[in-house]
Amino acid sequence: MTQIAEPPAGTAQTERKRVNHWIDGARVAGTSSRRGPVYNPATGELAREVDFASAQEVDAAVAAARSAFPAWRATSLSRRTEILFRFRNLVEQHREEIAAHLTREHGKVRTDALGEVQRGLENVEFATGIPSLLKGGFSEQVSSGVDVYQIRQPLGVVAGITPFNFPAMVPMWMFANAIACGNAFVLKPSEKDPSASVYLAELWQEAGLPNGVFNVVHGDKVAVDRILEHPDIAAVSFVGSTPIARHIYETGTKHGKRVQALGGAKNHMVVLPDADIDMAADAAVSAAYGSAGERCMAISVVVAVGDVADPLVEAIEGRLPKIKVGPGSEEGVEMGPLITREHRDKVVSYLDSGTKQGAVLRVDGRQHVLYSQEDGGFFLGVSLLDNVTPEMECYRNEIFGPVLEIVRVPTYADAARVIDENPYANGTAIFTRDGGAARQFQFDVNVGMVGINVPIPVPVAYYSFGGWKASLFGDLHMYGPEGIQFYTRAKIVTARWPDPSTSKVDLGFPQTR
């Protein structure tokens, strides 16, 4: 298998490693003459370039997938499972190499990158159970000599459009189930960190997946628009910001596609007065600043109820100087840089707007030494905004960076109202020793994923992932059982094998007798 290596020292920019498309089982150099930059976020250096697909190159990937689909659909479940197991083992064997791509292009630390690979791998493991997952139902003798049964069949060519923050895990959320169900897949990964997707394509090939069943096209809006409009793509999965998710859903469905589009989040963690302060502080810090806050399930708001606020904020603030920020490749570093300089500057803008609107900036990430390095990476230290209110711009927007906001409320009812009035509804958590309060919270709150003394309630692979309200467009969640539903459609068969001598003409409405 081809290994992707760093360019040797002194390599000219014109010879810098290009990230190509993967179409019909091979790397394919872009022909559109358009490319995008891929930075090393820890150094700020342009590390490589990625080809941007034209509409014609997307068409070529779809054509390869369409050509491969009939044979793949006809492949036995046993054979599909065998290939999935081999792919699973190859991902396990090469997890360090995959994690290195994530650190180099996204900036996340090694432990976080390995954790991403592991959570993606769990979805592949779920998909290896496809012989059981595709079992239908059977009803014998629904009428005299008549049986009825249900089967689930693949859709055809399906596509995934994935974000920069999880360049290995989120594609595995999508393509593992899609391919296991018998579909052919076209992936459009983020152009900011594209190399992991091509590496996974090579692993699929090594596992024995037929050419054309899995394809990767890189690019920007040109590629996305063509995917949404292409008549041969039956379904589209997307993870990203809410405005783009809404566009994906509306455009894809307008063109007759099945669409699941996961949008943004503003995840709250409610801390009740009876909670264990140290446990809640540890959880808040871990969930807010892991992966530099670039997680759709990151805790970005702590809702402190009553007199727990002062000791809780003090405990959180006391933990922040201990967080080691630096390049993800360095041993012991706990938080790396943000993905681009532009994104870091956008995150910083919320610190300014928050303080202007009355919030208290208790910890300012701009004071970290790595932030001030003009020619360095895209670093921002951890930040803590206290006394935030729902009217503030910093609260109303998804910051997607290492900023934790504290909202103080007097009662549980106030906390629940804050969450329910927020337009996002991806994940939420409550920290308490009171089982009754916890149960009431999970019953009351209008959010798709709930944690009880668990700050990031990302479901295991055999459940499904997704929020409510403006965090999800579509009716089926990602991966797990709902993922199987999304990538298949039901067919109901009514069968009778009568004695030919009993056949007769009957124009009456069919009845079950």
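Just so it is clear, none of the values below were taken in a lab; they were calculated from the coordinates. Bear in mind that the values here come from a model prediction, so they are computed numbers and not experimental data. All Cβ positions, even for glycine, are placed from backbone atoms using ideal geometry, and neighbour counts span all protein chains on display.
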request  = Divide the volume of the convex hull of the Cα atoms of segment 364-447 by its number of residues and quote the answer in cubic angstrom per residue.
outcome  = 125
query = Scattering from the C-alpha atoms of segment 98-151 alone, worked out with Debye: what is log10 I(q)/I(0) at q = 0.12, 0.14 1/Å?
reply = -0.51, -0.57
query = Can you give me the pair-distance distribution of segment 267-452, C-alpha pairs, 5 Å bins, whole percents?
reply = 1, 8, 18, 21, 20, 15, 9, 5, 2, 0, 0
query = Once you charge only the Cβ atoms, +1 for Lys and Arg and -1 for Asp and Glu, what is the size of the charge dipole of segment 158-256 about its Cα centre, to the nearest 20 debye?
reply = 220
key: Entries in Lys135/Lys491; Lys469/Lys491; Lys17/Lys192; Lys324/Lys356 that, when Cα-Cα distance is taken, lie over 24 Å   = Lys469/Lys491; Lys324/Lys356
query = Just going by the charge dipole of the chain, with Lys and Arg at +1 and Asp and Glu at -1 on Cβ, which of Pro498, Met335, Ser76 is farthest out on the positive end?
reply = Pro498
task = Treating the angle as unsigned and between 0 and 90°, give the value, to the nearest 10°, between the Cα long axis of helix 195-207 and the longest Cα principal axis of the chain.
result = 40
request  = As a check on your grasp of the helix formula, calculate [θ] at 222 nm for the chain: sum -39500 (n - 2.57) over DSSP H runs of n ≥ 4, divide by the residue count, round to the nearest 500.
outcome  = -11500 deg cm²/dmol
task = Under 1.5 on a/c is rounded, so check that first for segment 115-182, then, if it is not, pick prolate when a/b is larger than b/c and oblate when it is not; a ≥ b ≥ c are the square roots of the alpha carbon gyration tensor eigenvalues.
result = prolate
query = Assigning unit charges at the beta carbon (Lys, Arg +1; Asp, Glu -1) and nothing else, what dipole magnitude in debye, to the nearest 20, does segment 411-469 show about its Cα centre?
reply = 140
inquiry  = Could you list Arg496, Arg433, Arg95 so that the one with the fewest beta carbons within 10 Å of its beta carbon is first and the one with the most is last?
reply    = Arg496, Arg433, Arg95
ask   = How do Glu96, Glu374 rank when sorted from fewest to most other Cβ atoms within 10 Å of their own Cβ?
value = Glu374, Glu96
note = Longest principal axis of the chain (C-alpha) makes with the long axis of helix 277-289 (C-alpha) an angle, in degrees to the nearest 10, of 70
task = Within the set of other residues whose C-beta is less than 13 Å from the C-beta of Gln118, count the net charge using Lys and Arg as +1 and Asp and Glu as -1.
result = -2
query = Which log10 I(q)/I(0) values, to two decimals, does segment 137-259 give at q = 0.14 Å⁻¹ under the Debye formula with one point per Cα?
reply = -0.62
inquiry  = For a test of the definition: using alpha carbon positions, the gyration tensor, and the 1.5 limit on a/c, classify the chain as rounded, prolate or oblate.
reply    = oblate
inquiry  = Between 0 and 90 degrees, rounded to the nearest ten: what's the tilt of helix 341-356 against the longest Cα principal axis of the chain?
reply    = 60
key: Under 12 Å, Cβ to Cβ, from Gly376 - net charge with Lys/Arg +1 and Asp/Glu -1   = -1
